[in-house]
Structures are given as structure tokens and as C-alpha cells.
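The values are calculated or read from the model by the stated rules, or taken from the named source; none is laboratory data. Please read all numbers here as calculations on a predicted model, not as lab measurements. Note that each Cβ is placed from the backbone with ideal geometry, even for glycine, and that neighbours are counted across all protein chains shown. Only protein heavy atoms, including side chains, enter the accessible area calculation; ligands, DNA and RNA are left aside. Shrake-Rupley method; radii C 1.70, N 1.55, O 1.52, S 1.80 Å.
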Amino acid sequence: MKIAFVGKGGSGKTTLSSLFIRHLAANEAHVVAVDADINQHLGAALGLDEDESAALPAMGAQLPLIKEYLRGSNPRIASVETMIKTTPPGEGSRLLRVREDNPVFDACARTVRLDDGDIRLMATGPFAESDLGVACYHSKVGAVELCLNHLVDGPDEYVVVDMTAGSDSFASGMFTRFDMTFLIAEPTRKGVSVYRQYKEYARDFGVDLKVVGNKVQGEDDLDFLRSEVGDDLLVTVGHSDWVRAMEKGRPARFELLEADNRMALQALQNAAEDSYERRDWGRYTRQMVHFHLRNAESWGNEKTGADLAAQVDPGFVLDERFIRAEAPQPA
């Protein structure tokens, strides 16, 4: 399952995504975590120190390797230089699987040991000073989008992405790549403003969206969220001494997280599992192609000097038959 955590800056989405990742690991799920936020904090929230977080390889820096591997022997892709962030897979493309070892994970992922299991962590890389004036942050997350386009995953496998803050995710089609999107909202007018933007954008694409109320302190806060987001409110999270200790770098074992918050995390997992039952691989592939053609027309063809619409394999549907298929090895 592909899960996104979104919300305005400061809403607590990175903290909650890290708690959800810990919860999944405790439930023995297979997890790949991706920090796709411009402010790279997921590693620290998962217990890495500053040096360990800084040593995480940047996916953006490995984009040539990622493209070369995913291209495989796809005859519709003339060269790595003609691959863009939305290039869809086709016959001959290499796909990524959560449980496998492959050159992309070797270059971009690192194992993080949690209290109850190990997960793989990947990061887009920070927006550096050298990028100012010459790069857009959306080019950094292009590596994430390309990997998601080539990923096949099953019901007991999770890819959890901590997205960039606000509604920036809609600058590309990446917001349609997920089985479930959890929007973290505080019980304030600013807190629910991103929800309204997401709801409007997501409506036409069948994006499964649920709101997680954070920093909820009483019935008044709960009533406010219910009045603003209605049935999209899935669960709320209140104060946590465990989280406060974690933010100070002194977390207790995860099993000591407050019972109410453990129940809230289980509600998130239940919602994710329910969304997987509604997964439509045909629609998923069609949306991938839709955004690729839009990007090709608006900037991709001009940038690459190629007709990128020709990369679309009309007979290819990304689906579960590829999950257990043997991954082709790099030449």
C-alpha cells in the first residue's frame, strides 16, 4: 500500500508519519519510508542523529542511476535523457518491489532499526544553497514520483511518504499515486485550509482522503474539526508525553506510547487496508499516463527534444501480477 502524509507546515505530519511507520514495524509489516519534504526531518523522527540523517543519500542525486535501472529494455524509451519524472512503465521496464534488493534501494535506501523491526528509509535530499535560482524543489521529488510509477506492492507491504508541506504536491501528478492520503489538521482555521485545497483537487481523481486531527485538546476542538471536515475526519490525536520525550531525543520504547494514540494508529492502518481493497490498477495506470502526457506537452517534449507521448505503452497495465514476478537483473 502507498500512503501519503500531508498537511501544512507545523501540523505534525512528520511526527505522525514516523509514529505510523513505527506502528507498522511493530505489526511486522514490510515498510519503505520516504522523506519527500523540503525540510528533511523524518530521519530524526525515526531516531537518527544529525550525522546519520545528514548521511542519508539524496534520491535526486541518484536520478541517472534510477532512470537507467527503471528503463530496463523498454523499447519505447530511446535513452535515459528522454525519461522525465512522469515516464510510465511499459513492456521491458524494470519495476520496484518493496521486499527485494535492487540497485535503486542499494543507492538510495538505508536500513533503520526501530524498537520492533527494521524499515528502509529514503530521502529526496534537502534543497541546497546551490539550488537557489537554478532549480525548483519539484525537480527534487521527481525521483520519488518516478519510483512510485514503477512500484508494485501488495496488501502487507507499505510505502509511506512524508510529503512536502501545503498543497505543493499538486504541482505534479504524484498526489494520485497513493492508496490513502492522511491529511494532518490542527483544530484551527489555518489547520483546515490545506484540507479544503486537497479536497477540491482530489475530488476529480478519486483520491482517498482522510483527516487526522492533531493537537486536539477537548470537545470544542473535536466539534470544530467535525464541523469543518465532516465524515472525512478519521481520528484525532492529543498530547503525548512519549512524543515529547522523542522530540527531546529521549524516547521510551514504542510499546509505551499512550494507549489512545496506539488505537489511533491502528485506525490509520485499518483505513489503509480498507483502501487497498478498493485499489483500481487500471485507473492508477490511466492517471499515470494522463499526467505524463500533460507534462510532455507542457514542457517535457521541448526539454528532451523527443515526442514523449511515444513512451506510453497502450497495452500495459501495472498490477499485482508483477509483485511476485522475478525482477530482471541489471545488465
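Starting from the range 164-255, pick out the trypsin sites (Lys or Arg not before Pro) whose DSSP state is loop and whose Cβ has at most 15 other Cβ atoms within 10 Å.
Taking the range 164-255 and a limit of 15 other Cβ atoms within 10 Å, the loop trypsin sites (Lys or Arg not before Pro) found are K248, R253.
Would you mind giving the three semi-axes, in whole Å and largest first, of the ellipsoid equivalent to the chain according to its Cα gyration tensor?
Result for the chain: semi-axes of 32, 22, 19 Å.
At 222 nm, what helix-only mean residue ellipticity would the chain give, in deg cm²/dmol to the nearest 500, using -39500 (n - 2.57) for each DSSP H run of four or more?
Roughly -10500 deg cm²/dmol at 222 nm, from the helical runs in the chain.
May I ask you to list the trypsin sites (Lys or Arg not before Pro) in the range 274-306 that are in a DSSP loop and have at most 14 other Cβ atoms within 10 Å of their Cβ?
Qualifying residues, ordered by number: R278.
On a 1.4 Å probe surface of the protein chains, which of H23, H239, H290 comes out largest in accessible area, and what is the full order?
H239, H290, H23
So if the hydrodynamic radius of the range 183-281 is defined as the Kirkwood radius over C-alpha pairs, what does Stokes-Einstein give as its diffusion coefficient at 37 °C and 0.692 mPa s, in µm² per second?
220 µm²/s
With a cut-off of 8 Å between alpha carbons and a minimum separation of six or more residues, what is the relative contact order of the chain in percent?
Value for the chain: 26 percent.
DSSP loop (so not H, G, I, E, B), at most 12 other Cβ within 10 Å: list which GluC sites (Glu not before Pro) in the range 23-82 pass both filters.
E28
For the range 1-66, what is the convex hull (Cα atoms) projected area averaged across all directions, in square nanometres?
Dividing the Cα hull surface by four gives the mean projection, 5.3 nm².
What share of the DSSP beta bridges in the chain is antiparallel, in percent to the nearest 5?
Bridges in the chain are about 15 percent antiparallel.
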